[in-house]
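One structure is given below, encoded as structure tokens.
The values are calculated or read from the model by the stated rules, or taken from the named source; none is laboratory data. This one's a predicted model, so the numbers in the text were calculated from it and none came from an experiment. Cβ atoms come from the backbone with ideal geometry, glycine included; neighbour counts cover every protein chain shown.
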Amino acid sequence: MATTISSSRTLQNKAVIGVMLMLGGLALYALSDAFIKKLMGTYSVPQTSFLRSLTRLLPLSIAVFMQGGIKKIFSTQYPGRHAVRLGVNLAFTYSFMYAFSVASLTTIYTLSYTSSLFMIVLSTLILKEKVSKEKWMAVGIGMIGVLIAMRPGTNVFEMAGVIVLLGTFLGSLNKILMRRLAATEHSLAIAIYPNLVMIVTTAPFLIHSWTPLSWHDWGFCLIIGLITATGQYAIAHSLRFAQGSTLAPMDYSSYFWVILFDFMWWDKIPDMFTLCGAAIIIGSNMYILFRSRREQTKLAT
């Protein structure tokens, strides 16, 4: 009996570590998004996108040499799949970077939580997965939450909202394509390629429109890269200590941070429509997670 209790406590402690790593990683991601939004008050979307990708490459490049070198990491049998995924990722990144320049963090995060709803639709169309009618109902309810948050016809965040939804759809498609690549490709290659493509495609447009950075802002950009890399590592490492189904609800903890950053730096407070829409979207996502757990339990038994 004592052994069972001890084992249970050990597992619980590991789950707590996993949850704490996930919460920390998500907080760092929200902080990096806030920093990027602040930079966009001075620099253009292309230049900010270029700088973000450049600073991300620094820690990722070190990881390449620590895990076997260039040939091992970047060899592939599916260059076409990479090309399609990179095109989708480029459009997804630009959509969100533009949204950061015109909308509040709270609005962006509210609508980006529709990702799991789009994932269900795309998994059905591309991966041919079967989806229960209950999940389809949850998708419909989640979209009602989107309408409440966006308030079509009011012109409040309407254009930014459409861009965020487009970016979220492309982000969901990007995840589906990444899932296919993950079966054969190195995870570092999947992470590095989008940053290289962003640098190569953005650089020509900056030749005549580059705004010189102060040493302060260069340091700021390096901090963003470090924060993002640390957050990415913390999220990936959290899966060593806890199951994905345990960590999934933690994703919504970032909403607290973006509301706080919007208030601290831009004096913006979300209205009741945005909060109500967010509650419906998050609720529908939680129901989808609940249904998925039940389905997995049935398959296991």
> Looking at (1) at pLDDT below 85; (2) more than 23 Å from Leu188 (Cα to Cα); (3) of a type in the set (Gly, Ala, Ser), which is the one condition that is false for Ser44?
Replying inline: (1)
>> With the requirement that a residue be at pLDDT 75 or above and part of a loop (DSSP other than H, G, I, E, B), what does the range 174-193 give you?
In response: Thr184, Glu185, His186
> When you go through (1) touching a Gly at 6+ places or on another chain (Cβ under 7 Å); (2) surrounded by 15 or more Cβ atoms within 10 Å (Cβ to Cβ) one by one for Leu58, which number turns out not to apply?
Replying inline: (2)
> Consider Thr154 against the criteria (1) over 22 Å from Ala99 (Cβ atoms); (2) modelled with pLDDT under 85; (3) over 22 Å from the mean Cα position of the chain (by Cα); (4) not aromatic (Phe, Trp, Tyr): it satisfies all of them except one. Which criterion is unmet?
Replying inline: (1)
>> Quick test for you: out of Thr110, Thr76, pick the one residue that is among the β-branched types (Val, Ile, Thr) and under 21 Å from the mean Cα position of the chain (by Cα).
In response: Thr110
> For the range 79-93, what are the residues that are within 20 Å of the chain's Cα centre (by Cα) and small (Gly, Ala, Ser)?
Replying inline: Gly87, Ala91
>> Quick check on this structure: which one of Leu166, Leu122 is under 23 Å from Thr48 (Cβ atoms) and in a helix (DSSP H, G or I)?
In response: Leu166
> Name the residues in the range 200-240 that are farther than 28 Å from Val16 by Cβ and among the charged types (D, E, K, R), would you?
Replying inline: Asp217
> Which residue out of Gly145, Gly171, Gly140, Gly161 is exposed (fewer than 15 other Cβ atoms within 10 Å of the Cβ) and at pLDDT below 85?
Replying inline: Gly140
>> Just checking, does the range 113-134 include any residue being under 17 Å from Met150 (Cα atoms), surrounded by fewer than 20 Cβ atoms within 10 Å (Cβ to Cβ) and in contact with a helix residue (DSSP H, G or I) (Cβ under 6 Å, 6 or more places away or on another chain)?
In response: yes
> If Ala27 passes every condition in (1) modelled with pLDDT under 80; (2) surrounded by fewer than 20 Cβ atoms within 10 Å (Cβ to Cβ) but one, which one does it miss?
Replying inline: (1)
